[in-house]
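All remarks here apply to the structure that follows.
Taken together, the values in this text are just the output of simple stated rules run on the coordinates, not laboratory data. These numbers come from a predicted model, not from an experiment. Here the Cβ is made from the backbone with ideal geometry for all residues, glycine too, and neighbour counts use every protein chain on show.
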Amino acid sequence: MGDLYMVHERGARMALSTMAVFGSAFFTPVVVGKIADTIGWVWSFYLVAIFAGALLPVLFFFCPETAFVRDNALDTDITGRVIRTDNFTSSHNLQPYEKGATLNTTQVSASSSIARQSPPPLQPYIKTLALFSGRKSNENFFKLLLRPIPLFFHPGILWACLTQGTLIGWTVLIGIVLAAIFLAPPLYFTATDCGYMYTSAFIGALVGFLLCGLLSDWSAKYMMKKNKGVYEPEFRLLLVIPQLIFGCGGLYAFGITTQDIYKYHWLAPCVAFAFVTAGMVCGAVASSLYLVDAHRDIAIEGFTCLMIFKNVFSFALTFRGYEWLVMRSGGPKRIFVVVGSVQVGICCLSLVMCKFLFLFR
């Protein structure tokens, strides 16, 4: 995203990318439930292997490596150059946060001359099939290998991990609730019925995608105008507001309605689940865009941190979640009130982070 698109073009693309990842994850149980009920749960793994094998030749022949080592002068949103498009002026990421930076015509001219440089020559198709085409970074390999570890203590990346990773983990916890409560008496849902309940989560992911697609770039442009034409990556933090409203509200509602399923009907938790996933997509887009805009030079390592945190946290919930939920918590209402309150606190960290960053500029 950072390489291909300017800062005011990344929001909708990042929303689409996030939707592709998380939307498909929530649509999968709808299909898998039917597969498990019809031909057995083992076939869900067999079909994954079959599709992955079928797509391997497509990946090999039609997905060439697009990265290359560019001239440092072209990294305009790392060096802080100001560049102009037809109807938009962007300072990209003014690292290290040049407070009060304004448009400089000399910088624009410099950027224009850089942009007119000839692109690297196209590789013959046969060369694009090579299994290895060289390293795409001049930095030390071991430095790149180990760099994600200390980055967990970076305020921006730690905030992104919490904002994105925890709510993803809570959706895993919701899956445990569905298995523990809806498959058991007195509801006696089948595997197919339980899988169909994820339709609401998929719809919620679509709603989150539409919200982010409409608001992410528009809000950044609006805030930039209010900031006298200077763009700040912290403008992306506004997308945490819908996460607070939809995600946290959905967590509270899911616990309350699931605790007394006869009173609220099984449809109520489905709607709450949709709210949670909508908020999750908004938080994921906000954290991803902030990393790309504010720290594009370490964005790869930052996304690696996001992946590690999300997977470890989700594993911990699946490892102990059932015991915590069914045997010790006293029911889903109590646990999801706690979980929702934790998420509210994490969303409020956005205010703390903004204050922290502005203090140290």
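At a glance:
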| item | result |
| --- | --- |
| Net length gained if the chain between D297 and L351 were fully extended (0.36 nm per residue, minus Cα distance) | 17.0 nm |
| Distance (nanometres) between label positions extended 7 Å along Cα→Cβ at W43 and A67 | 4.0 nm |
| Neighbour-count ranking [beta-carbon atoms within 10 angstrom, fewest first] of S341, S44, S216, S200 | S341, S44, S200, S216 |
| Contour excess over end-to-end distance, with Cα ends at S17 and Y5 and 0.36 nm allotted per residue | 3.0 nm |
| Cα convex hull of the range 205-361 - mean projected area over all directions, nm² | 10.8 nm² |
| Ranking of R236, R13 by count of other Cβ atoms within 10 Å, fewest first | R13, R236 |
| FRET efficiency estimate (nearest 0.05) - Cβ-Cβ, K226 to S341, R0 41 angstrom | 0.80 |
| Packing-based exposure ordering (other Cβ within 10 Å, fewest first) of T277, T28, T258 | T28, T258, T277 |
